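This report refers to the structure that appears directly beneath it.
Bear in mind that the values in this text are calculations on the coordinates, not laboratory data. Only a predicted model underlies this, so the values are computations on that prediction, with no experimental measurement involved. Neighbour counts are summed over all protein chains in view; Cβ atoms, including those assigned to glycine, are modelled from backbone coordinates with ideal geometry.
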Amino acid sequence: CVRLHDKAYTIGRFGIEDPPGISAKNVTGITEDSLLERRYLLMIGNIRVLLIDDEKVFSNALTSVLTRRGMSVRTAADGILALELLERETFDVLVLDMRMPGMDGVEVLKVFRCRDPVTPVIILTGNVSMTQTRQALKHGASEVILKPCPIETLVSSIENAFERKCLATDVAERA
C-alpha cells in the first residue's frame, strides 16, 4: 500500500488503467481525481514480499524476478527464521513453501495468523496433499499454488493479494 492523503492505494498489474469493472461511475466514493491519483501510485509503488522457502536456487531465482518487477523481497530458508524476521519487519505479502525442514508451511501459517490476521499468505507446494491444502486454507492462506507454476501466475497472485489487502485496509479505515 502506498499512503497519500490518508488513503491506502494499491500497486497492481493494471498500471495506469482501471481494473475491470472499476470506474468513477460505478464505485461509490471514488472520484476521477482519486482514480488518477491511484493510477499514479500504481506505477511508483513497491510491494514488500517475504519469500519463505528452503530451496535456495528457487528462492534466489524468484527473488531476482520479483525484484525486477519492482517488488522488495526478503527471504527466509525456514519457518523459524521467517517468524524471527516477521517480529522485526512488516511485509505486504508472504509467499510460503508448504514443505520445509523443521516447521512446515501450515505450522508457520498458524503462528503467523496469531500475530497478524490480515497480511495475505500465498502457499507454494510441489506436492498436492488435500489435507495440507485444506489446513492451509482453514488457517487463512489466501491461495495455494502448485510448483512449478508460470512466473506470471505467481506475480499476479502477489499483486492481487496486495491489492485486496489495501482495499480491506481502506474500507476498515473508512468504517
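General remarks:
- You can think of it this way: the chain between V128 and R69 has 18.4 nm of extra reach, that is 0.36 nm per residue less the Cα-Cα gap.
- Distant alpha-carbon pairs in region 73-175 (separation over 25 angstrom), percent: 16
- Placing pseudo-labels 7 Å out from each Cα toward the beta carbon at E173 and V57 gives an inter-label distance of 4.3 nm.
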